[in-house]
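Read the figures in this text as sums done on the coordinates, not as results from a lab. Source: prediction; values computed, not measured. Methodologically, a virtual Cβ is constructed for each residue, glycine included, from the backbone with ideal geometry; neighbour enumeration extends over all protein chains shown.
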Amino acid sequence: MATRSAAPGPLRSFALALALALAAAQLCLWLDTPLPWMIGPLFSTACACMLGARLTAPVQAREAGQWAIGTALGLYFSAPVLVVLARYAGWIALAVAFAVVVGLAGGWLLRRLSGVDRATAFFAMAVGGASEMAVQGERHGAAFDRVAAAHSLRIMMVVGTIPFALRWWSTHGSSPGHDLFVPLASVVSYPGLAVLVLVTSIGALLLKRLGIPNAWVIGPLMVAMMLTASSIELSRLPEWMIRGGQLMIGVSLGTRFTPEFAHTAPRYLASVALCTLITLLCAAGFGLTLAQLTGIHPGTAILAASPGGIAEMSLTARVLHLGVPIVTAFHVTRMVTVILIVGPLFRLFSRLR
């Protein structure tokens, strides 16, 4: 009697994902794409998984990638940078309000186009983290798999368009305070790096224990930011750590896709893609308007207003030498606000109806 071949173990399937991701990153380096260490792993592993390859990424890999990015971002927040960011507090609040309104409009449009229930459409288009929106949506009666699929598609579309568009547009340039937007620590000191790894990891573990979303981004970011704002220069992160972080995040995002994703209600996925495209265009328009009103560099403003994640958009700003602290501040504030208000907002609209 013929036996069915066993699925590869978690370690082997992760090793296969890493091998594919590394090859794809090298190809993107050769092609000179933006974010090669994230875009290559993301798209290669996603395509392989949708074609049936059994690739996985443990949660520790995603957390390691988030730690590297969160720590690297926190090193930009010197005291003078915080003074500059304080001037944009009102604009950050306006951008958060814009993101909430765009999410509401996107949910309404998705429901009209795809015919899904109100809860699924609402949480599928809310501009928040994929896992948080899927979990909160399920609590309110939304289809978990469809909400998760919508956010996976959104992140893939954002990562696959905005970095390329900004690279093509040649967004390098200055904005008010732009000369300050460089990491405070300029050299790698391995004793200092060991201390930095320790204290930022403790910050991540504390926030994770408290149940804070994106703890492995926010915790290291906050600890590194406090050290930098206090002019404590332990070490900058070696470039290989930052590239490794991008690769881990790309693999973690890509392995979320499954063969079932490609067969998920084509009308629904097409509707999500159209709504995401409209959201991207609206966010770009808002970013350009923001740039005109504030003097922020247009590329920085577009990234700050985009419906992407903290890591992806802040990394794009870093690679293109734009205002990393501005982009990070906008996205962190939006993420925290959306996670806190999306559930009560849905209940309020449900009662009103």
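Couple of notes before you dig in:
- Residues of region 114-142 with amide N under 16 Å of the 7 Å Cα→Cβ point at ILE341: 123, 126-129
- Dipole magnitude for the chain: about 880 debye, using +1 per Lys or Arg Cβ and -1 per Asp or Glu Cβ, origin at the Cα centre.
- In terms of other Cβ atoms within 10 Å, HIS331, HIS321 run from fewest to most in the order HIS321, HIS331.
- The distance from the alpha carbon centre of region 27-60 to that of region 193-253 is 23 Å, rounded to a whole number.
- FRET efficiency, 1/(1 + (r/R0)^6) with R0 41 Å, evaluated for MET50 and ALA229 via beta carbons: 0.40
- Taking all Cα pairs closer than 8 Å and separated by 6 or more residues, the relative contact order of region 11-352 comes to 31 percent.
- Electrostatic dipole magnitude of region 207-353 [Cβ: Lys, Arg +1; Asp, Glu -1; Cα centre; debye, to 20]: 500 debye
- Distance (nanometres) between label positions extended 7 Å along Cα→Cβ at TRP108 and LEU281: 1.8 nm
- Under 11 Å from a label point set 7 Å out along the Cα-to-Cβ vector of PHE349, the amide N atoms of region 122-161 belong to 122-127.
- Cα→Cβ-extended label distance, 7 Å offset, between ASP32 and VAL195, nm: 4.2 nm
- Largest-first principal axis extents, alpha carbons of region 11-352, Å: 55, 50, 42
- Only helices enter this figure: runs of n ≥ 4 DSSP H residues, each worth -39500 (n - 2.57), summed and divided by the residues of the chain, yield -24500 deg cm²/dmol at 222 nm to the nearest 500.
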